[in-house]
Structures are given as C-alpha cells and as structure tokens.
1. Is it the case that some residue within the stretch 128-135 is crowded, with 17+ Cβ neighbours inside 10 Å, over 21 Å from R41 (Cβ atoms) and modelled with pLDDT under 75?
2. Being surrounded by 16 or more Cβ atoms within 10 Å (Cβ to Cβ), of a type in the set (V, I, T) and modelled with pLDDT under 90 is the requirement here; does I76 meet it?
3. State which residue pairs qualify: first residue of a type in the set (F, W, Y) and inside the stretch 28-56, second residue modelled with pLDDT of 70 or more and part of a strand (DSSP E or B) in any location, beta carbons under 6 Å apart, and separation of 6 or more residues or different chains.
4. Identify all residues within the stretch 22-39 that are part of a loop (DSSP other than H, G, I, E, B), surrounded by 13 or more Cβ atoms within 10 Å (Cβ to Cβ) and either at pLDDT below 90 or out of contact with any Lys or Arg (no Cβ under 9 Å at 6 or more places or on another chain) (or both); write none if there are none.
5. Against the condition within 20 Å of R113 (Cα to Cα), modelled with pLDDT of 90 or more and surrounded by fewer than 19 Cβ atoms within 10 Å (Cβ to Cβ), how does R90 come out, does it pass?
6. How many residues are assigned to a loop (DSSP other than H, G, I, E, B) and either in contact with a strand residue (DSSP E or B) (Cβ under 6 Å, 6 or more places away or on another chain) or hydrophobic (A, V, I, L, M, F, W, C) (or both) when one looks only at the stretch 55-72?
7. Within the stretch 73-110, how many residues turn out to be farther than 18 Å from E11 by Cβ, touching a strand residue (DSSP E or B) at 6+ places or on another chain (Cβ under 9 Å), not hydrophobic (A, V, I, L, M, F, W, C) and not in a loop (DSSP other than H, G, I, E, B)?
Amino acid sequence: MANVAEPGRVECIHVAVSEGEPMQATDRIRVLAGIGLEGDRYATGRGHFSGTPGTGRALTLIEAEVLESLRDSEGIALHPGEARRNVTTRGIGLNALVGRRFRIGSVLCEGKRLCEPCSYLEGVVAKSLLDPLSHRGGLRADVLEDGDIRIGDELRPLEG
C-alpha cells in the first residue's frame, strides 16, 4: 500500500452529470468550496445520495494501487471511471487522510470518512465489490477552498 508521509499524484479525474450516468474522464477540473467538482452529479444535486444528510460528498478519491490489487488478487478488472470516484491517486495511502487536511492541486480539502463500496455501485458496474473493496474503497472529502485539479498534480497531506 501507498505511504501517507510522501505526497501522491493524481492519475485520473472523472465526473458524471447525474446518477447512474457513465463517468467522463477529464484532464482538469474546477473544484468549488462546499460544492464539489464543477459539473459533477453531487455538485449539482443529481447524485444517488444527494438527498442524504452528511459531509464528504464533494470529492471522492481511490488509490490506483487498490484497483491494480483488485485485478491481480481477485481477478476483477475495475477501471478508474468504473469505480465511480472522482480522483484516482497513486503513491499515497488515502485511509490515513480521514480527519486530516490535504491539498490536491490548488484545492484545500479535508478527509471526512472512508468511501466504502455499496450495493448501488455493484449494481451500476455489475461486479461483486463489497468484500474486495471493504476498507479500500477510497476516501470521501469536503472541499474547503476553490481551485483546480489536473492530472499529475500532487496530493500532499498538511501538518496538524
């Protein structure tokens, strides 16, 4: 698994315009504080869980290493867009960012909770993911400052 002490990198960025729609890849995206990724289903209130109270829906992340492990050890090919997370990272352990602030590109974020797999995700991708992705499904974060995220940007945890 990746290390939280070292910065990671953004490998992929995805958004979906509404619930159940395919995730669309982009090289860069504008991110708005308290809202999320411009044009994404959760920023516009059209996501599956948009009406559910709680934080951590503005930005979701998953480790590329987890997707590779899923393929290699479980024989399940799940491409970054299929994971239905906004940002795929490499080189950083996302679980350790729960409760911590970090910067991804120019965007200030705070990790809120793990992004556990759900039956909705299984239904959309038609793959059995609940057990293989348990506690490895990524991170849910709030966006604290506007900015941009680009492929190749650094993801760096902040002190304190």
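1. yes
2. Working: surrounded by 16 or more Cβ atoms within 10 Å (Cβ to Cβ): yes; of a type in the set (V, I, T): yes; modelled with pLDDT under 90: yes.
Judged against the criteria, I76 is a match.
3. These pairs meet every condition: Y42/G36.
4. Applying the first criterion (part of a loop (DSSP other than H, G, I, E, B)) to the stretch 22-39 yields 22-23, 26-27, 33-35, 38-39.
Adding the requirement that they be surrounded by 13 or more Cβ atoms within 10 Å (Cβ to Cβ) leaves 23, 26, 33, 35, 38-39.
Listed by number, the residues that qualify are M23, T26, A33, I35.
5. Working: within 20 Å of R113 (Cα to Cα): yes; modelled with pLDDT of 90 or more: yes; surrounded by fewer than 19 Cβ atoms within 10 Å (Cβ to Cβ): yes.
Answer is yes for this residue.
6. So the answer is 3.
7. 2
The values are calculated or read from the model by the stated rules, or taken from the named source; none is laboratory data. Quantities reported herein were computed from a predicted structural model and do not represent experimental measurements. Positions of Cβ are generated from backbone atoms using ideal geometry, with glycine treated the same way; all protein chains shown enter the neighbour counts.
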